[in-house]
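*Asks:* Got a structure for you, questions after.
Values quoted throughout were computed directly from the atomic coordinates according to the rules given, and no laboratory measurement underlies them. None of these values were measured; they are calculated from a predicted model. Neighbour counts are summed over all protein chains in view; Cβ atoms, including those assigned to glycine, are modelled from backbone coordinates with ideal geometry.
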Amino acid sequence: MIFDKLVTIMAEQLGVQPQEISTDTLLRDDLAVDSLDLYNLIMVLEEEFNIELPQEELNDIETVEDIIKILKEQGVEE
């Protein structure tokens, strides 16, 4: 499932506990993700899922659900 894989990656990359992450978790407010953290996370996701995420959509990412939506749009399957 995309969410489970994403949680594992985010916990490792951001140094947070998996239970802190839900679909409505706000990246900046709840997890203190800054632009460098987000950039690094995106790089890992692109490598992990073998995709290239559209740069114009990356600025609109606010929640974990936003990331899942973009991954699905790029063909990543549950």
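*Asks:* For Ile51, indicate whether it is part of a loop (DSSP other than H, G, I, E, B) and in contact (Cβ under 8 Å) with a residue 12 or more places away in the chain. So that I can check it myself, show each step before the final result.
*Replies:* Numbers: part of a loop (DSSP other than H, G, I, E, B): yes; in contact (Cβ under 8 Å) with a residue 12 or more places away in the chain: yes.
So Ile51 passes the test.
*Asks:* Something else: Condition check: of a type in the set (Asp, Glu) and touching a Leu at 6+ places or on another chain (Cβ under 8 Å). Does Glu78 satisfy that?
*Replies:* It is false that Glu78 is of a type in the set (Asp, Glu) and touching a Leu at 6+ places or on another chain (Cβ under 8 Å).
*Asks:* Working only within segment 1-49, note down all residues that are under 17 Å from Leu71 (Cβ atoms) and among the polar types (S, T, N, Q).
*Replies:* Thr8, Gln13, Ser22, Thr23, Thr25, Asn40
*Asks:* Within segment 23-45, count every residue that is in contact with a helix residue (DSSP H, G or I) (Cβ under 7 Å, 6 or more places away or on another chain), part of a loop (DSSP other than H, G, I, E, B) and surrounded by fewer than 18 Cβ atoms within 10 Å (Cβ to Cβ).
*Replies:* 2
*Asks:* Then there is this: Give me a count of the residues in segment 1-22 that are polar (S, T, N, Q) and surrounded by 14 or more Cβ atoms within 10 Å (Cβ to Cβ).
*Replies:* Result for segment 1-22: 1.
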